[in-house]
């Protein structure tokens, strides 16, 4: 009996995002977000579908320019790693 194993390389992507999104992106828990913060996150997720957060780096710092600066003013950010779900 033979088995076909299809090993695909896992693809990841990194974004510099607001630190306060961490719990929502990693665990799906949005209870700590204010209404406007939740709206900002939802807009970002809509523009970046098919991603699953797998890691958050311990590199927080204040950034004026980050990967959510269309929705969020300058804030503390850290590097989020996402697996691309295809």
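The values are calculated or read from the model by the stated rules, or taken from the named source; none is laboratory data. Just so it is clear, the model here is predicted, and its values are computed rather than measured. So basically every Cβ, Gly included, is an ideal-geometry build from the backbone, and we count neighbours across all protein chains shown.
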- request: Just one of (1) free of Cβ contacts under 8 Å to residues at least 60 places away in the same chain; (2) assigned to a loop (DSSP other than H, G, I, E, B) trips up residue 26, so point out which.
  value: (2)
task: Return the only residue of 62, 15 being loosely packed, with under 12 Cβ neighbours inside 10 Å, assigned to a strand (DSSP E or B) and at negative phi.
output: 62
- prompt: Which one is surrounded by the most Cβ atoms within 10 Å (Cβ to Cβ), of the residues in region 32-59 that are part of a loop (DSSP other than H, G, I, E, B) and free of Cβ contacts under 8 Å to residues at least 12 places away in the same chain?
  reply: 34
message: Here's a check for you: in region 65-86, which residue that is over 10 Å from residue 18 (Cα atoms) and part of a loop (DSSP other than H, G, I, E, B) is modelled with the lowest pLDDT?
response: 86
query: Applying the selection to region 42-60, what residues are closer than 15 Å to residue 76 by Cβ and within 11 Å of the chain's Cα centre (by Cα)?
result: 56
